[in-house]
Amino acid sequence: MTGYTGRFAPSPTGPLHAGSLVAALASWLDAKAHGGRWLVRIEDVDTARCVPGLDRVILQQLTACGLHPDALPLWQSQRSARYQQALDQLVARDLAYPCACSRKDIETALSRLGQGRARHGELVYPGTCRTGLHGRTGRAWRLRTDAKTIIHWSDRRLGPQQQDVATEIGDFVLKRVDGCFAYQLAVVVDDAEQGVTNVVRGEDLTDNTARQILLQQFLGLPTPRYLHTPLVLGENGEKLSKQNGAQSLDTTEPLAALKRAASVLGLPEHSGSTAEALSAWVTYWQRLYNPVP
Ligand code: GLU
């Protein structure tokens with residue numbers, strides 16, 4: 001074993017589909033190519049969107065594909081106390097503050113300022129509650145992105161990236177109105193606590209990375225290396241997702257499913273058993289992403 005720890009972090013809002021298998025396979029291959037550990041984390045922090053029992057389905061689908069975690073999975077729903085500690089740490093340093101604004105309040109404030117939606121239709125929070133709640137009741141908690149927070153990082157596949165979190169994203173939510181901790185906070189706390197050195201996940205998550213690096217810096221946590229994998233597109237050209245009705249992965253033929261995922265990753269066809277194909281792809285992956293000097 002080397003110092004490498006990787007992970008696959010599915011949200012049990014739907015079973016694995018062809019797109020999520022690409023991320024699962026890539027993160028497994030990268031861990032094996034580095035002689036490292038591969039962990040599975042069930043990201044069920046958003047309880048309202050999670051479907052009971054789907055965590056088990058996902059774990060079975062991974063096992064059927066020959067992707068076995070090197071430790072017991074972690075469930076985010078059991079870790080609220082840890083996320084609260086991280087939030088308390090940020091609040092103590094005045095890096096997080098309570099917010100009383102509804103979506104409507106934010107839209108009204110932004111239109112008063114003559115500002116519309118930012119990229120992806122997200123609203124950049126106008127900062128209404130930064131100076132206090134002024135008698136209103138706090139509903140959520142936000143990160144204070146006061147300083148010019150330009151984050152530079154390099155993706156192992158996509159190359160150099162940068163984002164000014166303060167202006168492009170704004171003071172983002174750490175704990176929501178419904179009491180759920182936000183993905184950004186949970187993922188950063190867990191990656192650090194699980195000793196994750198390399199995050200390999202779908203390209204649709206690339207845009208979250210700068211926010212996560214900023215949080216790591218604020219919480220004094222190490223920053224892993226990142227590699228974002230190509231997405232599987234549906235017939236309409238959109239990313240295949242649970243939301244647009246992606247079919248559950250058919251694990252009665254795991255090799256066929258793995259081959260489709262491997263081809264998205266640019267890995268060659270392989271005939272033979274699932275175990276043989278996986279081990280051939282590890283060698284190939286080593287050449288693609290882990291060149292030996
Ligand atoms: N839970 C996220 C998802 O299923 C992945 C998070 C991550 O890999 O950082 O899309």
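Each value in this text was obtained by applying a stated rule to the coordinates, not by laboratory testing. What you see is a predicted model, and the numbers here were worked out from it, not measured in a lab. A quick note on method: Cβ atoms are made from the backbone with ideal geometry, for glycine too, and the neighbour counts reach across all protein chains shown.
Quick notes on this structure:
- Dipole of the chain computed with +1 at Lys/Arg Cβ and -1 at Asp/Glu Cβ about the Cα centre; of Ala147, Tyr284, Thr274, farthest Cα towards the positive end is Ala147.
- Measuring r between the beta carbons of Ala147 and Arg260 and using R0 = 35 Å, the FRET efficiency lands at 0.20.
- The alpha carbon gyration tensor of segment 152-212 gives principal lengths a ≥ b ≥ c with a/c of 1.5 or higher and a/b no greater than b/c, which makes the shape oblate.
- Dipole magnitude for segment 67-206: about 480 debye, using +1 per Lys or Arg Cβ and -1 per Asp or Glu Cβ, origin at the Cα centre.
- Lysine pair count for the chain with Cα-Cα distance under 28 Å and sequence separation of 8 or more or different chains is 11.
- Computed magnitude of the charge dipole of segment 52-139 (debye, nearest 20; Cβ of K, R +1, Cβ of D, E -1): 340
- Fully extending the segment from Arg287 to Leu133, taken as 0.36 nm per residue of separation minus the present Cα-Cα distance, adds 50.0 nm.
- In this structure, Leu113 and Leu72 have a Cβ-Cβ separation that, at R0 = 30 Å, corresponds to a calculated FRET efficiency of about 0.05.
- Computed from point charges on the beta carbon alone (+1 for Lys and Arg, -1 for Asp and Glu), the dipole magnitude for the chain about its Cα centre is near 600 Debye.
- Rotationally averaged projected area of the chain (alpha carbon convex hull; nm²): 16.6
- 12 Å beta-carbon shell around Leu221, net charge (K/R +1, D/E -1): -3
- Under 15 Å from a label point set 7 Å out along the Cα-to-Cβ vector of Asp250, the amide N atoms of segment 256-293 belong to 256-261.
- A P(r) calculated from all alpha carbon pairs of segment 241-293, with 5 Å bins opening at zero, reads 4, 18, 24, 20, 14, 11, 7, 1, 1 percent.
- Amide H within-cut-off set for Trp38, under 5 Å, with H built and near neighbours excluded: Gly6, Asp70
- Note on segment 37-155: the C-alpha convex hull projects to 11.4 nm² when averaged across all orientations.
- Computed over the alpha carbons of segment 178-284, Rg followed by Dmax gives 17.1, 50 Å.
- Leading residue at positive end of dipole, the chain (Cβ point charges), from Leu133, Gly14, Leu90: Leu133
- Principal-axis tilt of helix 209-219 within the chain, Cα atoms, nearest 10 degrees: 60
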